[in-house]
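Here the structure comes first, spelled out in structure tokens, and everything after it is commentary.
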Amino acid sequence: MRASLVVHQVTTSVEDNLGSILGSMAEASRRGSDLVVFSEAALTGLVNDDVPEHDVLLGAAVPGAEVDLVRQHAKANNINVALGLFEVEENRLFDTALFIGRDGQVGLKYRRISAGWHHPQADATFYGHGSAVEAYRSDIGMVCFLICGDLFDDDLVAQVRWHKPDLLLVPFARAVAGGGHSQTRWEKEELAEYLSRVQLAGVRTLLANYLDAEYFGGAFHVAPNGRLVDSMPLGRGGMLTIDL
């Protein structure tokens, strides 16, 4: 099985993000990939400001025009897609990841459970969360999602272990105070912690980080024992294609 992890420059324009996503799907398909993985909020951008009247406009509906285009292109390119987005449903916003099969159908919709994507005092009637980790049996095996801070919740990692998936997909958005794309700082201060969380889950894991002026990007393939198998350097867009 071959997978491509995509790090693209996420903007405030859903149209531009969608163009990058569709182009990357086509390129991943040309590379013979069975799966293409994007970061947290890759479609909509992670530009919420905890004001519901502003943030509700950021969400994409599922189903909806943008997601339907991704679904159509997944089928046309015969590829599975793991995609992060802000989802709006009944005037509520969710930090969501979708697994779209090569048949164009949404096989799994996972909503982030940890609350780190908004302020702790933000309106709880508007900012929504999921409640449990689910697994989906795709044509490439059993898959689970965790989004960003979910990876650092022991209960959620235990739920992943219980499902015994073949693959854990982690779209995330990590930045450091003051911004910057320091590879040295990442490797000295943070990488080991991420690897230890994957080791705790005990599942082969693919992580794709958000990239813009603040968030530093990067893509990572981690073995079930927590060993870093392959990665893409921070601070630049591109595609990491790996054989699993």
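The values are calculated or read from the model by the stated rules, or taken from the named source; none is laboratory data. Just so you know, these numbers come straight off a predicted model, no measurement behind them. No Cβ is skipped: glycine too gets one built from the backbone with ideal geometry, and neighbour counts run over all protein chains shown.
Some observations on this one:
- Selection over the stretch 1-27 of residues that are under 25 Å from Asp166 (Cα atoms), in contact with a helix residue (DSSP H, G or I) (Cβ under 7 Å, 6 or more places away or on another chain) and not in a strand (DSSP E or B) gives a count of 2.
- Matching residues, the stretch 145-195, being small (Gly, Ala, Ser), on the phi < 0 side of the Ramachandran plot and in contact (Cβ under 8 Å) with a residue 12 or more places away in the chain: Gly149, Ala173, Ala175, Ser182
- Qualifying residue in the stretch 112-131 (condition: of a type in the set (Gly, Ala, Ser), closer than 25 Å to Gln159 by Cα and touching a Gly at 6+ places or on another chain (Cβ under 6 Å)): yes
- Number of the condition not met by Asp123 [criteria: (1) acidic (Asp, Glu); (2) free of Cβ contacts under 8 Å to residues at least 60 places away in the same chain; (3) in a loop (DSSP other than H, G, I, E, B)]: (2)
- Within the stretch 120-150, the residues that satisfy the criterion of being at pLDDT below 95 and farther than 19 Å from Gly59 by Cα are Pro120, Gln121.
- Qualifying residue in the stretch 214-236 (condition: crowded, with 18+ Cβ neighbours inside 10 Å, in contact (Cβ under 8 Å) with a residue 60 or more places away in the chain, small (Gly, Ala, Ser) and farther than 29 Å from Trp162 by Cβ): yes
- All positions within the stretch 200-213 that are closer than 11 Å to His8 by Cα and either surrounded by 23 or more Cβ atoms within 10 Å (Cβ to Cβ) or touching a helix residue (DSSP H, G or I) at 6+ places or on another chain (Cβ under 9 Å) (or both): Ala208, Asn209, Tyr210, Leu211
- Taken over the stretch 74-111, residues that are part of a loop (DSSP other than H, G, I, E, B) and either among the hydroxyl-bearing types (Ser, Thr, Tyr) or in contact with a His (Cβ under 9 Å, 6 or more places away or on another chain) (or both) amount to 2.
- For the stretch 28-55, a tally of residues being assigned to a helix (DSSP H, G or I) and either exposed (fewer than 14 other Cβ atoms within 10 Å of the Cβ) or modelled with pLDDT of 95 or more (or both) returns 5.
- Residue within the stretch 58-68 that is surrounded by 15 or more Cβ atoms within 10 Å (Cβ to Cβ) and at pLDDT below 95 present: yes
- Condition met for Ala213 (over 17 Å from the mean Cα position of the chain (by Cα), modelled with pLDDT of 95 or more and among the aliphatic types (A, V, I, L, M)): no
- Ala115 vs. criteria over 18 Å from the mean Cα position of the chain (by Cα), surrounded by fewer than 20 Cβ atoms within 10 Å (Cβ to Cβ) and part of a loop (DSSP other than H, G, I, E, B): no
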